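Peer 1: This is the structure I want to talk about, given as structure tokens.
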Amino acid sequence: MIWTLVPQAQNTFISNTENRTFTNLNGKWNYVLDPYMTGGMGGRAIMDNYEPTDKTGRVEYGFTPDRTLYVPGGWNTQKPELAYFEAAIWYRKTFDKPDFDESKRYFVYIEAANQTATVTFNGKELGKHEGGYTPFSFEVTNLIKKQDNFLIIGVNNQRDASDIPAKVHDWYNHGGITRDVRLIEVPKNFINNYFLSLDRESLNKKNKTIKGKLELAGNSLPENAQILIPELHIEQNIAVNPKGATAFEVTVKNLKLWSPNSPKLYDIIIKAGDDEIRDQIGFRTVETKGKEILLNGEPIFLKGICLHDENPLRKDRGNSIEDAQLLLGWAQELGCNFIRLAHYPHQEKLVRLADKLGILLWEELPLYWGIQWENPEVLKKAKEQYTELIYRDYNRASSIVWSIANETAPIPSRNEFLSEMADHVRSLDPTRLISAAIKKDQELDGHPDSVYTYNDPLIEKLDILSINEYLGWYGGLPDQCRTKSFTSGFEKPIIISEFGGGALQGFHGDKLTRWSEEFQAYLYEESIAMFDKIDGMVGMTPWILVDFMSPLRQLPGVQDGWNRKGLISEKGIKKKAFFVLKDYYSKK
Ligand code: GCU
């Protein structure tokens, strides 16, 4: 950037903002293109929001009323000229805050901005955030005015080898402020975060134990907090330690467990000093036992599907409850009780809806393909972003798997990096399962043996062995699935985290005609038959529910910038293979 400013604020994680007091800053924002990512034009910083005061004034950028972008929303599909724009754009929102209250604290909260965001407010740089899929916020209490506030955010979606994900990935790089922006209002001392989960040890006891942790922020913290679960007649006092991080336990009677068949959510109220936060939380346990996954102590088969966070009908990232309802509705039609949210954190509204609908989730960070494993800055970013994801979704019963990688070669630097990531994730959240989508090195196709044994050293660090297996699409033809299989030397459950093939909806031919719906359906039939025989296979998430945008897919007349492995087309039309999988799940 052309100027160096000392950030005025810390990136503060504030959870559950939809249930706090906030001003919604969504809508039309002005914007200025910054193709060379300088942050300024003609020697002036864009964040100054400078306008000449007389005719001699010189400025070489401008936020004009007619040039606007919608927030939330990727910029690429809002303006044809921005379709492949991968650089910086500066957004501006001006607003008055006549009810500004001196007794409150104010934070600008951004649910997601892809990829790097520089947040400035009333001419001051607050700070930067890196990572296109996790929320962040900066305090503006000492800067906000009753009138003429201007929030200017620079977003840069340039892909870089040292990013997460790295330069090349098989999805569209939707740039911009892709999810909600809110001005959050909290008391001087407030409940920043809270974490509640059912203690596994109490699962088989008459009275269950809910383990909790509170994080308070402020300079004069209350000595006590209260947790209320009215339906369970709980109203418990919690002594707050001076640092504001407090662990506690609540014993509850007649707890109704959360599960896909009975997604019971409890109203939770937490009070501390002048603050009060409400949430809806389900309580369940998940663990492995040998080659089984146990939900609430019972073995479960995960009837899953992979999903990108993209509404194909709008050609944009999911950013509304309507987007979430569309995508989860399709998954329910398929008969799913499980969804792999590939390959990055999806919008929070979808995770909260999954809580309500009883759909289990696999969540992940885009440690995908060619990450710079030997770069300590990348490991630091990965840990920060995973912390943000766990802080955001810790209280969501639907989320049961944290995945730390997708299709990464088992080289020493990657093994070390991901081993540290597994430890980091487990240290923050020991209540969920850890996995990673392991890719065989395409050996199976030409592999002399009919059984391929997975021996990736990373598997040792995982609770679940998850396998991406494209036999019949990337190697061989579907009939090869009859002669091949695989296993692992580990006493761990196996999930087939990807399989499938492409089909252009409406294109028909015989079952060996590539890109026909018939080929895709045949591949599903043969793949499912192969996987069904594998000892310890406790679930699958075929690739993928719906066609999605990808610059890596440019076969004219077939792909045209879309990955066609969806079971549903980008127009929402189901392909034959959808019904093959639906039939299999209906019998599971
Ligand atoms: C890979 C990868 C996906 C990709 C898919 C494909 O396994 O994990 O992100 O889209 O296969 O080739 O279509």
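Taken together, the values in this text are just the output of simple stated rules run on the coordinates, not laboratory data. Remember, predicted model here, so these are calculated numbers, not experimental data. Methodologically, a virtual Cβ is constructed for each residue, glycine included, from the backbone with ideal geometry; neighbour enumeration extends over all protein chains shown.
Peer 1: Can you check what the net charge comes to around Leu379, using other residues whose Cβ is under 14 Å from the Cβ of Leu379 (Lys, Arg +1; Asp, Glu -1)? Let's see the in-between values first.
Peer 2: Working: positive: Lys380, Lys381, Lys383, Arg414; negative: Glu130, Asp163, Glu374, Glu377, Glu384, Glu416, Glu420, Asp423.
Net charge around Leu379: -4.
Peer 1: For Lys128 and Val168 in one chain, what is 0.36 nm times their gap in residues minus the Cα-Cα distance, to one decimal in nm?
Peer 2: So the extension gain works out to 12.1 nm.
Peer 1: Put a dot 7 Å past each Cα toward the Cβ at Ile411 and Lys146; how far apart are the dots in nm?
Peer 2: Distance between the two pseudo-spin positions: 6.1 nm.
Peer 1: Residue farthest toward the positive end of the dipole of the chain, with Cβ of Lys/Arg at +1 and Asp/Glu at -1: which of Ile371, Asn192, Ala272?
Peer 2: Farthest towards the positive end: Ala272.
Peer 1: Between Phe579 and Ser419, take the C-beta separation as r, use R0 = 51 Å, and let me know the FRET efficiency to the nearest 0.05.
Peer 2: Values: r = 42 Å, r/R0 = 0.82.
FRET efficiency, Phe579 to Ser419: 0.75.
Peer 1: Another one. Placing +1 at every Lys and Arg Cβ and -1 at every Asp and Glu Cβ, with all other atoms neutral, what dipole size does the stretch 264-355 have around its Cα centre, in debye to the nearest 20?
Peer 2: Values: 13 positive and 16 negative charges, 79 e Å.
Rounded to the nearest 20 debye, it is 380 debye.
Peer 1: If you restrict to DSSP beta bridges whose two residues both lie in the chain, what percentage is antiparallel, to the nearest 5? Intermediate results must be reported in sequence, preceding the final value.
Peer 2: Working: 92 of 127 bridges.
The answer is about 70 percent antiparallel.
Peer 1: If you don't mind, there's one more thing I want to ask. Assuming R0 = 51 Å, can you tell me the calculated FRET efficiency for the pair Thr68 and Ser450, based on Cβ-Cβ distance, to the nearest 0.05? Write down the numbers at each step before the final one.
Peer 2: Values: r = 60 Å, r/R0 = 1.18.
Computed FRET efficiency for Thr68 and Ser450 comes out at 0.25.
Peer 1: May I pose another question? Which net charge results when you count Lys and Arg as +1 and Asp and Glu as -1 among the other residues whose beta-carbon is under 10 Å from that of Ser403? Don't skip to the end; give the middle numbers.
Peer 2: Values: positive: Arg340; negative: Glu363, Glu364.
With Lys, Arg at +1 and Asp, Glu at -1, the net is -1.
Peer 1: Follow-up question, since we're still on this one. Among Val558, Phe490, Leu313, which residue has its Cα positioned farthest towards the positive end of the charge dipole of the chain, with +1 placed on the Cβ of Lys and Arg, -1 on the Cβ of Asp and Glu, and the dipole taken about the Cα centre?
Peer 2: Leu313
Peer 1: Could you tell me the distance between the Cα centroids of the stretch 32-53 and the stretch 283-299, to the nearest Å?
Peer 2: The two parts, judged by their Cα centres, are 55 Å apart.
Peer 1: Sticking with this one: As a check on your grasp of the helix formula, calculate [θ] at 222 nm for the chain: sum -39500 (n - 2.57) over DSSP H runs of n ≥ 4, divide by the residue count, round to the nearest 500.
Peer 2: Values: 7 runs with 90 residues, N = 588.
Counting only the DSSP helices, I get -5000 deg cm²/dmol.
Peer 1: Order 398-404, 558-564, 534-540 from most to least packed using the mean count of other Cβ atoms within 10 Å.
Peer 2: Most protected by this proxy first, the peptides run 398-404, 534-540, 558-564.
Peer 1: What does a probe at Glu223 reach in the stretch 273-292, counting residues whose amide N is under 20 Å from the point 7 Å along Cα→Cβ?
Peer 2: In the stretch 273-292, the label zone of Glu223 (backbone N under 20 Å from the point 7 Å along Cα→Cβ) covers 273-275.
Peer 1: I would also like to ask the following. Pairs of lysines 8 or more apart, or on different chains, with alpha carbons under 29 Å: count those in the stretch 190-273, would you?
Peer 2: Value for the stretch 190-273: 29.
Peer 1: Give the residues of the stretch 250-281 whose amide nitrogen is closer than 19 Å to a point set 7 Å from the Cα of Ser103 in the direction of its Cβ.
Peer 2: 271-277
Peer 1: Also, I was wondering about something else. Dipole size in debye (nearest 20) for the chain around its Cα centre, Lys and Arg Cβ +1, Asp and Glu Cβ -1? Walk me through the numbers on the way to the answer.
Peer 2: Details: 71 positive and 80 negative charges, 181 e Å.
Dipole of the chain, to the nearest 20 debye: 880 debye.
Peer 1: Within a Cβ distance under 13 Å of Ala577, other residues only, what is the Lys/Arg minus Asp/Glu net charge?
Peer 2: Numbers: positive: Lys511, Arg564, Lys565, Lys574, Lys575, Lys576, Lys582; negative: Glu517, Glu518, Glu525, Glu526, Asp547, Asp583.
Neighbour charge sum, excluding Ala577 itself: +1.
Peer 1: Work out how much length Glu377 to Gln236 would gain on full extension: take 0.36 nm times their residue separation and subtract the Cα-Cα distance, in nm to one decimal.
Peer 2: Working: separation 141, 0.36 × 141 = 50.76 nm, distance 4.25 nm.
Stretched out fully, the Glu377 to Gln236 stretch lengthens by 46.5 nm.
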